[in-house]
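Working notes, beginning with the structure itself.
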Number of protein chains: 2
Amino acid sequence: MCSASALDPEIAARLKRDEHGLFPAVAQQYDSGHVLMVGWMDDEALHQTLTTGRVTYFSRSRQSHWRKGDTSGHVQWVKEVRLDCDSDTVLVKVDQVGSACHTGARTCFDDGALVVKEPQGEPT
Amino acid sequence: MCSASALDPEIAARLKRDEHGLFPAVAQQYDSGHVLMVGWMDDEALHQTLTTGRVTYFSRSRQSHWRKGDTSGHVQWVKEVRLDCDSDTVLVKVDQVGSACHTGARTCFDDGALVVKEPQGEPT
């Protein structure tokens, strides 16, 4: 999956990928700070994301690249891309057109609150 | 890794894990919206996170659980936990004590901005 990518060699040298050549990519709405979704990228998806202005992911189920919004119109315009300290995760700040989630929800985390036993703050 | 967890069976039935029994967990500061880090969880880590008020991860390199802050003091207090639409990723809203990153930075994404070719907005 990593082969034949035009990704900047310096970035490629830093990246740490899983055994499938992939790493998680967190998409965050750049102004509101909402976490929209988590997808996966390989080198080529990151290259496309860095150079085309739109976020491209790698689908683990379909084993192919997909550019967010090509089918749905729900494009993610790239504002900023950051690697984490271990270079094994990417944070992509985007401007999301319409819904991030295929369910129609604004984010992929809108419906899934789990019961937390006594949410905590620092003890007083 | 998933065996012998006391995780709520309804949540366990929804969760989709990778071949190692793991799923990504995005930690976000609950008030500022900053994405702090991405870690990994298994069922037991999620169970601990949901029931103890502090975020617990599973370390892929050490192959063991770790409760954020036990060594560093940089505790993550759990405010809210959400599953995504595919039930294969968790978003944990936390109150981070001190630095999220082992480098001392507030977040694990503070130092890794990549060059984006002409960051895009919707064409005008």
Looking along the axis that carries chain B onto chain A, the residue of B whose Cβ comes nearest, with distance in whole Å, is B:33, 1
For peptide A:90-98, the mean count of other chain Cβ atoms within 10 Å per residue Cβ is 3
If labels are modelled 7 Å from Cα along the Cβ direction, residue A:59 lies from its partners in the other copies at nm distances, smallest first, of 3.8
In nm, the gap between the two label points placed 7 Å beyond Cα toward Cβ at residue B:97 and residue B:118 is 4.9
Of all trypsin sites (Lys or Arg not before Pro) in the stretch A:1-110, the ones in DSSP coil with at most 10 other Cβ atoms within 10 Å are A:62
About its Cα centre, the protein assembly as shown carries a charge dipole, from +1 on Lys and Arg Cβ atoms and -1 on Asp and Glu Cβ atoms, whose size in debye to the nearest 20 is 20
Any GluC sites (Glu not before Pro) in the stretch A:13-122 that lie in a DSSP loop and have at most 14 other Cβ atoms within 10 Å would be A:19
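With only Lys, Arg, Asp and Glu charged, each at its Cβ (+1 for the first two, -1 for the last two), find how big the charge dipole of chain B is about the Cα centre; round to the nearest 20 debye.
Numbers: 13 positive and 18 negative charges, 69 e Å.
Result for chain B is approximately 340 debye, rounded to the nearest 20.
Residue B:52 to residue B:72: extension gain in nm, 0.36 nm per residue of separation minus the Cα-Cα distance? It would help to have the intermediate numbers written out before the result.
Values: separation 20, 0.36 × 20 = 7.20 nm, distance 1.81 nm.
Separation in residues times 0.36 nm, less the Cα-Cα distance, equals 5.4 nm.
Peptide A:66-74: average number of partner chain Cβ atoms within 10 Å per residue?
On the way: counts 0, 0, 0, 0, 0, 0, 0, 0, 0.
For this peptide, the per-residue mean of nearby foreign Cβ atoms is 0.
Using only atoms on other chains, find how many Cβ atoms lie within 10 Å of each Cβ of peptide A:54-65 and report the average. Working shown, then result.
Values: counts 1, 0, 0, 0, 0, 0, 2, 1, 0, 0, 0, 0.
For this peptide, the per-residue mean of nearby foreign Cβ atoms is 0.
Laboratory data are not the source of any read-out in this text; all were calculated from the coordinates shown. This structure is a prediction, so every number in the text was calculated from the model and none was measured. Positions of Cβ are generated from backbone atoms using ideal geometry, with glycine treated the same way; all protein chains shown enter the neighbour counts.
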